[in-house]
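A.B. asks: Dropping a structure here in structure tokens format, bear with me for questions.
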């Protein structure tokens, strides 16, 4: 009987380790997020601001612009960035810091960005600063931002 109990205990322990080992590692998730940020930036450069911000937004995503201006939802974000002033805008960014939740379903990134657009006279305007994005892993496995 002791042998059977020992065998059952070992199987349970190895089963728990198997489940734990099937979880992506922190470095795996950080790599995924790095790739998503890179793809997001490439999409913006290739397809424009409105398309990129729409493509990478979760359904209820929120973007903070200015001190008190929230843009809510994928459709609202696309509408906001579809205005003429964003047609030729370009942006470049790369996360410097990536933090991952314990369960690997949320991530936070921040780093420097450069935003290049034109003013009403057509003169180039360059803005530089820091971005902060919160990412959530969707049920289909894709990462979408919920806060930018």
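A.B. asks: Of the residues that sit in region 60-93 and are in contact (Cβ under 8 Å) with a residue 60 or more places away in the chain and more than 20 Å from residue 116 (Cβ to Cβ), which one is surrounded by the most Cβ atoms within 10 Å (Cβ to Cβ)?
C.D. replies: For region 60-93, the residue satisfying everything is 61.
A.B. asks: Among the candidates 105, 133, 109, which residue alone is modelled with pLDDT of 95 or more and surrounded by fewer than 16 Cβ atoms within 10 Å (Cβ to Cβ)?
C.D. replies: After applying the criteria, what remains is 105.
A.B. asks: Going through region 83-115 one residue at a time, which ones are under 22 Å from residue 25 (Cβ atoms) and part of a loop (DSSP other than H, G, I, E, B)?
C.D. replies: 101, 102, 103, 104, 105
A.B. asks: Kindly check whether there is at least one residue in region 66-82 that is modelled with pLDDT under 95 and assigned to a strand (DSSP E or B).
C.D. replies: The answer is yes; a qualifying residue exists.
A.B. asks: Just a yes or no: is a residue in region 55-62 under 13 Å from the mean Cα position of the chain (by Cα), modelled with pLDDT of 95 or more and part of a helix (DSSP H, G or I)?
C.D. replies: yes
A.B. asks: Are any residues in region 116-144 within 20 Å of residue 67 (Cα to Cα) and either in contact (Cβ under 8 Å) with a residue 40 or more places away in the chain or part of a loop (DSSP other than H, G, I, E, B) (or both), and if so, which ones?
C.D. replies: Correct list: 133 only.
A.B. asks: Can you confirm whether residue 96 is closer than 22 Å to residue 116 by Cβ, exposed (fewer than 12 other Cβ atoms within 10 Å of the Cβ) and touching a helix residue (DSSP H, G or I) at 6+ places or on another chain (Cβ under 9 Å)?
C.D. replies: Answer is no for this residue.
A.B. asks: Evaluate region 21-42: report whether one residue or more is closer than 26 Å to residue 126 by Cα, outside any strand (DSSP E or B) and modelled with pLDDT under 95.
C.D. replies: Taking every residue of region 21-42 in turn, none turns out to be closer than 26 Å to residue 126 by Cα, outside any strand (DSSP E or B) and modelled with pLDDT under 95.
The values are calculated or read from the model by the stated rules, or taken from the named source; none is laboratory data. Everything numeric in this text was worked out from a predicted model, so none of it was measured. Because the Cβ atoms are built from the backbone with ideal geometry, glycine has one as well, and the counts that use them run over all protein chains shown.
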